Amino acid sequence: MSEISVTQSSAMHVVDDLVVTGDRKRSLYERHIKRAIDIVGAATLILLTAPLAALVALGVAMTLGRPVVFRQTRVTKGADPFTMLKFRSMKPENRPMAAGQYHAPRDDPRHTRFGQLIRRLSLDELPQLWNVLRGDMSLIGPRPELPAVVKAFDLADHPRHQVRAGMTGPWQVSEFRNGYVHMNVHVDAEYVGDLTFRRDVEIVLRTIGLFFGLGHEALPTEIAMPAELRPTSSEPLRVLHVLEPSIAGVPAYVEKLGRELSDRGIEQVVLTSDTQTWEFADWPTKVVRVPWKRRPADAKAVSLEMRRLVREEKIHLVHAHATFAGVASRLKRLDVPVIYQPHGWGHLSTRRTVVKKMVQTIERRLDRRTHTLLTLSEHEEAQAPKARTTERVRPIVNLAGFEPMAEVDRIEARLELGWAKDERIHVCVGELSHRKNQLALAQAWKRHADDRDRLVFIGDGSLRAQIEHLSSDRIQLLGWRNDIARLMGAADSLVVPSLGEGFSLVILEALATGLPVFSTSIGGTEIIASDDGRVVTTPEEVVRAAIASRLPDGDHDERIARAQRHQSAASLETVADEFIEIYAKAVGREQDIVDLTELESADDRSTTQSSQ
């Protein structure tokens with residue numbers, strides 16, 4: 001196995017799970033040619049449309065009087081204000097808009113019939129050609145917004161303000177054009193991240209098409225795989241796993257899956273962050289690490305690296321794991337199928353309604369570049385983009401070592417950890433993050449738990465300092481440990497406050513150890529029966545349920561009974577076979593599934609004959 005590291009200086013910004021492009025390399029077209037086209041194009045159009053503009057001005061003067069030009073402050077490149085020009089189309093009114101309303105509705109009674117006509121034909125925007133000539137705007141770019149909107153939706157640092165505002169642009173020709181610009185800024189982010197002459201020409205052509213009522217084509221939902229990249233029946237399937245930097249369970253998941261697939265002849269390459277410490281030893285043919293962090297990160301750079309690997313390593317399909325990898329793998333169209341496995345939807349990690357909607361809109365937009373969407377639970381499937389068919393896969397979990405601990409070993413472990421014999425220990429396992437929601441759990445614990453109940457966090461992450469601040473005799477932070485099975489065996493229950501996950505593997509591990517589980521409603525909780533714990537709605541309810549329940553007081557026999565019910569989880573071998581079937585279908589190699597079935601049948605016959 002070879003391992004390489006790629007250096008990049010470009011970055012991106014991440015707000016909750018909304019990914020937006022940050023520092024980027026500007027092309028020659030953007031730096032020089034685009035502005036030259038703006039100047040020549042605006043000057044030419046001013047001359048060509050002068051008679052029409054004069055007629056519009058006369059119509060405005062006759063229906064609304066003077067002034068005929070409306071001036072309004074808008075925001076352009078660098079979040080700088082400028083005065084945008086338009087022909088007036090509405091009667092003046094001093095009444096302020098309602099709170100939260102920034103734009104006049106289409107049926108506003110202040111519109112005159114002539115005003116409605118010029119707005120429908122976009123003739124009211126002809127004066128903006130002077131804005132283009134002055135350098136305030138471009139012919140093509142993000143629609144300029146009001147300063148109040150930029151402030152209210154925190155858009156000053158958004159990528160849309162890295163370029164000049166445009167008379168027409170990606171939003172105007174998108175499927176979201178009937179909504180508000182500020183609610184669909186992901187369209188602008190995608191445009192800025194891929195600003196090319198070809199893209200601008202496409203926008204101009206679509207604008208012309210819309211003007212004449214021709215509409216615009218939707219992006220295709222199928223990916224045509226080039227013939228040279230299609231795998232032949234004689235060569236092994238080659239898969240590129242892409243996973244974001246994380247200290248949570250995704251690398252462990254990929255490690256388990258990768259080893260099983262490697263044993264079945266699947267060749268695999270891993271693309272991850274240079275901060276990712278997971279080794280991925282033995283099973284991948286190559287591990288590529290690039291500068292890719294959750295804060296400054298560069299989705300476009302990662303996307304380009306994917307394209308390079310697909311070509312050079314002759315990759316047949318891409319398997320993207322979790323939100324950031326999913327975005328990067330679908331920013332640009334790849335020549336091979338993309339299988340996306342979210343491992344918990346990004347929009348569930350934020351409580352801000354605006355950001356949540358924007359992230360969901362991004363997922364809907366990128367969904368068109370997804371060949372297969374994999375989900376781990378009913379909970380995760382319910383959050384998928386509408387009209388999207390999903391493939392349900394079983395969780396990959398190795399329960400070796402997760403079993404009830406003998407009572408004498410349990411007492412010894414608790415003494416080593418400083419846990420009193422009569423103290424009830426409730427463990428919370430996982431990355432300390434907003435999505436996992438441990439801070440809310442710690443705050444609720446401090447309010448409600450008594451001296452006999454101790455909350456123990458096993459994990460690390462961005463919320464560490466805040467949780468440490470709440471630490472006390474009843475709240476303990478252990479950090480990451482390599483003896484989680486032993487800690488669970490010594491504990492009395494598992495508590496899970498997460499906002500959303502594809503499938504919480506720690507729930508399976510806890511139940512296999514014999515622990516009762518108290519959790520919010522996330523993927524994986526469907527296996528919790530009434531005598532296994534409780535599934536509730538909020539971290540506050542998790543705390544109340546855990547400290548009030550008698551289940552944590554259960555004896556050794558109860559633990560063994562609970563563990564036996566859950567030790568029969570899906571084997572790694574069975575789940576790996578399911579993935580081979582999914583991969584084979586994606587690249588048109590269904591024969592692999594037949595061959596695999598025949599091989600298993602032959603193995604079964606051989607085993608039977610040997611036993612006889």
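Any residue at all in segment 382-392 that's more than 28 Å from Gly514 (Cα to Cα), part of a helix (DSSP H, G or I) and either of a type outside the set (Gly, Ala, Ser) or open to solvent by 40 Å² or more (accessible area, probe 1.4 Å) (or both)?
Taking every residue of segment 382-392 in turn, at least one turns out to be more than 28 Å from Gly514 (Cα to Cα), part of a helix (DSSP H, G or I) and either of a type outside the set (Gly, Ala, Ser) or open to solvent by 40 Å² or more (accessible area, probe 1.4 Å) (or both).
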Scope segment 237-264; condition among the small types (Gly, Ala, Ser) and surrounded by 18 or more Cβ atoms within 10 Å (Cβ to Cβ); matching residues
Ser246, Ala248, Gly249, Gly258
So, in segment 265-287, how many residues would count as being at pLDDT 90 or above and surrounded by 16 or more Cβ atoms within 10 Å (Cβ to Cβ)?
11
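What are the residues in segment 360-381 that are of a type outside the set (Asp, Glu), closer than 23 Å to Pro395 by Cα and assigned to a helix (DSSP H, G or I), if any?
To start, the set of residues in segment 360-381 that are of a type outside the set (Asp, Glu) comprises 360-362, 364-366, 368-377, 379.
Subsequent filtering for residues that are closer than 23 Å to Pro395 by Cα retains 370-377, 379.
Once the filter is applied, which keeps residues that are of a type outside the set (Asp, Glu), closer than 23 Å to Pro395 by Cα and assigned to a helix (DSSP H, G or I), segment 360-381 yields only His379.
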Can you give me the number of residues within segment 455-480 that are part of a loop (DSSP other than H, G, I, E, B) and closer than 23 Å to Ala400 by Cα?
4
Filter segment 355-365 for residues that are surrounded by 20 or more Cβ atoms within 10 Å (Cβ to Cβ) and among the hydrophobic types (A, V, I, L, M, F, W, C) and give the result.
Met358, Val359, Ile362
Need a quick list: helices (runs of 4 or more DSSP H) entirely within segment 481-573 having at least 1 residues that are of a type in the set (S, T, N, Q) and in contact (Cβ under 8 Å) with a residue 12 or more places away in the chain.
505-513
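Say whether the condition of being open to solvent by 50 Å² or more (accessible area, probe 1.4 Å), outside any loop (DSSP other than H, G, I, E, B) and closer than 19 Å to His556 by Cβ is met by at least one residue in segment 432-454.
Here is the first cut: in segment 432-454, the ones open to solvent by 50 Å² or more (accessible area, probe 1.4 Å) are 434, 443, 446-448, 450-452.
When the remaining residues are screened for being outside any loop (DSSP other than H, G, I, E, B), the result is 443, 446-448.
Subset that is closer than 19 Å to His556 by Cβ: none.
No, the conditions are met nowhere in segment 432-454.
The values are calculated or read from the model by the stated rules, or taken from the named source; none is laboratory data. Note that this is a predicted model, so its numbers are computed, not measured. Every residue, glycine as well, gets a Cβ built from its backbone with ideal geometry; the counts of neighbours run over all protein chains shown. Note: accessible area is taken over every heavy atom of the protein model, side chains too, but ligands, DNA and RNA are not part of it. Shrake-Rupley method; radii C 1.70, N 1.55, O 1.52, S 1.80 Å.
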